[in-house]
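The values are calculated or read from the model by the stated rules, or taken from the named source; none is laboratory data. Note that the structure is predicted; figures quoted are calculated from it, not measured. Glycine also receives a Cβ, built like all others from the backbone with ideal geometry; neighbour counts cover every protein chain displayed.
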Amino acid sequence: MKINEILLADDEVTFRETFTKVLREEGMKVTAVDNGIDAIKAVMMQPYPVAILDIQMPGSDGIKVLREIMKVRPQTRVIMITAYGTIEMAVEAIKLGACDYVMKPVIFEDILTKIHQHLQYLHLQEENRELKQELNSKFDITQIIGQSPAMHQVFEIIRKVARTKSNVLITGKSGTGKELVARAIHSLGSKNGRRFIAVNCSAIPEGLLESELFGHKKGSFTSAIKDKKGLFESAHGGTLFLDEIGYMPLSCQVKLLRAVESRQITPVGSTEPVDIDLRLIAATNKDLFEEIKLGRFREDLYYRMNVVGIHIPLLRERKEDIPLLVEHFIKKYNTEMGKQCVGVSDHVMQFLMNYEWKGNIRELQNIIERAVIFAEDDVIKISDIGSLGSTAMLPNEANENLQSAVKIYEREHICRVLNKYNWNKVEAAKALKVGLSSLYRKIDELGVNVGRATKKGKAG
């Protein structure tokens, strides 16, 4: 449905033709008819954002046309045109679903104002629909890449828990995608049209965390110059994601436990509790059982939060997903950068499959982003993945002798220094404490690809 299309149905020739001209001058497309039957036919053929109907028309009056519109195009905003003697019919039309009415003689400025208001309403509705679709597509479970058995188990838990209001605890090392899982639960759940608020508990100083979460009243501490709503209140009706909950100080854990149990929070400096209604999801990269033993995490809070637990496996524990992730990130950065990489070489894929991935998916994503930036061909090569690629032995180096090991280390170190100095060889040579000619010789000997840097004018 195009937002600027108008249906005008009125049997008065002068008004119909003049108003059609006025509407077109306003940039609108107009379908003008002189009777109710043609109006119904027009509505059957296509939707109109706004329909303007005269109540008294030959063939089929405006009320009958309105009834048909409400049956087949209930989203259409209908404005009725009424004469003084038919005001009761205009009121009836409002009850049947019309949004507005104007009295004859029609003042063009007044009806144009009404039309623009209704078009603006529809435009905002459309924006809201698109935003929801964007949010759902961005955080949908289908955006979590993986076909490994471990990830299938994660998907199954997400689908089941999303339909509930239960608290969820997500565990996994940094970079495994804990927040993406939290967003998928929110997206698939009943609160998907509401706010999703994420807070990293390790990034907020201990003295401020309580105020951030629960809010505070004016004067409750030195810098509290006005009342402040906390994140619990801000997330009311939606989802609050407490990332790295293992770093939360014990003083805050006490208030969090009370909030979880009572579904109420009390702002700092207040004695009045505030009701909260939200989905609570927490995540941690710590071993909370160990933290409980050390007295740094409350056992009762652990069990209240861990109603449903989801553990995200390490990337090296789901290596069969690496090709899928590589393909996903290449497509993502092709789109963002206007590149046309079609994939990685067999050598690169072999290296990626054998790499340890201490940084998990986040590390893989960063590597692919960099590779797409520097790739000169449509296939990503080992030289495109920077200093990390220098650790990947070339096929004729797949042995364990000392000379090969030294060569690999030299290439890695030189690539790392060149990266540090933006591939400026003069600065890199100074840092390596070798002559520029020696650096050039090593670059040739070790097969370091600096073509991409030269193109950017950074070769030195």
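Going through segment 289-311 one residue at a time, which ones are over 28 Å from GLY237 (Cβ atoms), among the hydrophobic types (A, V, I, L, M, F, W, C) and either in contact with a Leu (Cβ under 7 Å, 6 or more places away or on another chain) or part of a helix (DSSP H, G or I) (or both)?
PHE289, ILE292, PHE297, listed by residue number.
Residues satisfying the criterion are absent from segment 450-459 (criterion: in the same structural domain as SER383 (by TED's automatic domain parsing), modelled with pLDDT of 80 or more and loosely packed, with under 15 Cβ neighbours inside 10 Å). Scanning segment 275-288 for residues being in a strand (DSSP E or B) and either small (Gly, Ala, Ser) or surrounded by 13 or more Cβ atoms within 10 Å (Cβ to Cβ) (or both) gives a total of 6. Within segment 77-121, being surrounded by 17 or more Cβ atoms within 10 Å (Cβ to Cβ), within 39 Å of the chain's Cα centre (by Cα) and not acidic (Asp, Glu) holds for ARG77, VAL78, ILE79, ALA98, CYS99, LYS114, ILE115, HIS118, LEU119.
Is there a residue in segment 419-432 that is in a helix (DSSP H, G or I) and at pLDDT below 75? There is at least one residue in segment 419-432 that is in a helix (DSSP H, G or I) and at pLDDT below 75. One residue alone among GLU272, GLU233, GLU261 is at pLDDT 90 or above and either charged (D, E, K, R) or part of a helix (DSSP H, G or I) (or both), and that residue is GLU261. Scanning segment 324-366 for residues that are in contact with a Gly (Cβ under 9 Å, 6 or more places away or on another chain) and of a type outside the set (Phe, Trp, Tyr) yields a total of 16.
Looking at ILE52, ILE63, which is the one that is under 42 Å from the mean Cα position of the chain (by Cα) and surrounded by 17 or more Cβ atoms within 10 Å (Cβ to Cβ)?
ILE52
Here's the yes/no breakdown for (1) in the same structural domain as GLN147 (by TED's automatic domain parsing); (2) under 11 Å from ILE145 (Cβ atoms):
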{"site": "GLY309", "(1), (2)": "yes, no"}
{"site": "GLU327", "(1), (2)": "no, yes"}
{"site": "LYS332", "(1), (2)": "no, yes"}
{"site": "THR335", "(1), (2)": "no, no"}
{"site": "GLY338", "(1), (2)": "no, no"}
{"site": "ASP346", "(1), (2)": "no, no"}
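Restricting the first residue to segment 331-357 and requiring it to be modelled with pLDDT under 85, which pairs with a second residue that is of a type outside the set (Lys, Arg) meet a Cβ separation below 6 Å and a spacing of at least six or different chains? What qualifies is HIS347/ILE382. Taking segment 152-182, which residues are assigned to a helix (DSSP H, G or I) and under 17 Å from GLY246 (Cα atoms)? Answer for segment 152-182, where residues must be assigned to a helix (DSSP H, G or I) and under 17 Å from GLY246 (Cα atoms): LYS178, GLU179, ALA182. Would you mention how many residues in segment 18-38 are acidic (Asp, Glu) and closer than 16 Å to MET57 by Cβ? Number of matching residues: 2.
Among the residues making up segment 244-258, those that are in a loop (DSSP other than H, G, I, E, B) and closer than 13 Å to LEU301 by Cα are MET248, PRO249.
The residue that is nearest to THR266 (Cα to Cα), counting only those in segment 165-179 that are surrounded by fewer than 22 Cβ atoms within 10 Å (Cβ to Cβ) and modelled with pLDDT of 90 or more, is ASN167. The residues of segment 45-64 that are on the phi < 0 side of the Ramachandran plot and part of a loop (DSSP other than H, G, I, E, B), listed by number, are GLN46, PRO47, TYR48, PRO49, ILE55, GLN56, MET57, PRO58, SER60, ASP61.
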